[in-house]
Amino acid sequence: MRPEDTLQASVAAYLNVALPRASWWTATANGAFLGGDVKRRAIQSRRMKQAGVKNGTPDILIVWDGRFFAVELKTAKGKLTDAQKDACDAIVSAGGGWTVARSIEDVAAFLRSHNVPVRA
């Protein structure tokens, strides 16, 4: 499993137990699970784009108490793309919370900083 996949799985397990029951969250796969040869991946990518999948969409989306939060997961050396920076700007400009997280602890600290009552 790639380091990004391990981080995403760990954060998903954390959110399942830590978020308040009245919250909602999801992970966005975007292109992470494209498979097959180059031609097959190109076909899948084109279909995703036609369906409205946008480059830069954060990895984790959370809704709680009328508020929206987005988390972009990165490994220690991971860097934001221009599309991810644009998504951040749009989310924050609209009043949402956005962060880059490199660990479960980063996610927990972000949620606490926005007064989300995490249970773990």
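Quick check on my filter: what residues within segment 56-78 are over 12 Å from the mean Cα position of the chain (by Cα), modelled with pLDDT under 95 and not hydroxyl-bearing (Ser, Thr, Tyr)?
The answer is ALA76, LYS77, GLY78.
Go over the candidates LYS49, LYS54, LYS77, LYS39 one by one and state the one that is of a type in the set (Lys, Arg) and under 21 Å from SER103 (Cβ atoms).
LYS77
If I ask for residues that are in a loop (DSSP other than H, G, I, E, B) and either among the hydroxyl-bearing types (Ser, Thr, Tyr) or free of Cβ contacts under 8 Å to residues at least 12 places away in the same chain (or both), which ones from segment 96-120 would you list?
Scanning segment 96-120 gives SER103, ASN115.
If we scan segment 38-49, do we find a residue that is open to solvent by 50 Å² or more (accessible area, probe 1.4 Å) and touching an Asp or Glu at 6+ places or on another chain (Cβ under 9 Å)?
no
Among the residues of segment 50-92, how many are assigned to a helix (DSSP H, G or I) and open to solvent by less than 60 Å² (accessible area, probe 1.4 Å)?
5
Exactly one of these conditions fails for PHE33: (1) open to solvent by less than 80 Å² (accessible area, probe 1.4 Å); (2) modelled with pLDDT under 95; (3) among the aromatic types (Phe, Trp, Tyr). Give me its number.
Only one criterion in (1) open to solvent by less than 80 Å² (accessible area, probe 1.4 Å); (2) modelled with pLDDT under 95; (3) among the aromatic types (Phe, Trp, Tyr) is unmet by PHE33, namely (1).
The values are calculated or read from the model by the stated rules, or taken from the named source; none is laboratory data. No experiment lies behind these values; they were computed from the predicted model shown. Quick reminder, even Gly has a Cβ in these numbers, built from the backbone with ideal geometry, and neighbours come from all protein chains shown. Heavy atoms of the whole protein, side chains included, go into the accessibility calculation; ligands, DNA and RNA do not. Shrake-Rupley method; radii C 1.70, N 1.55, O 1.52, S 1.80 Å.
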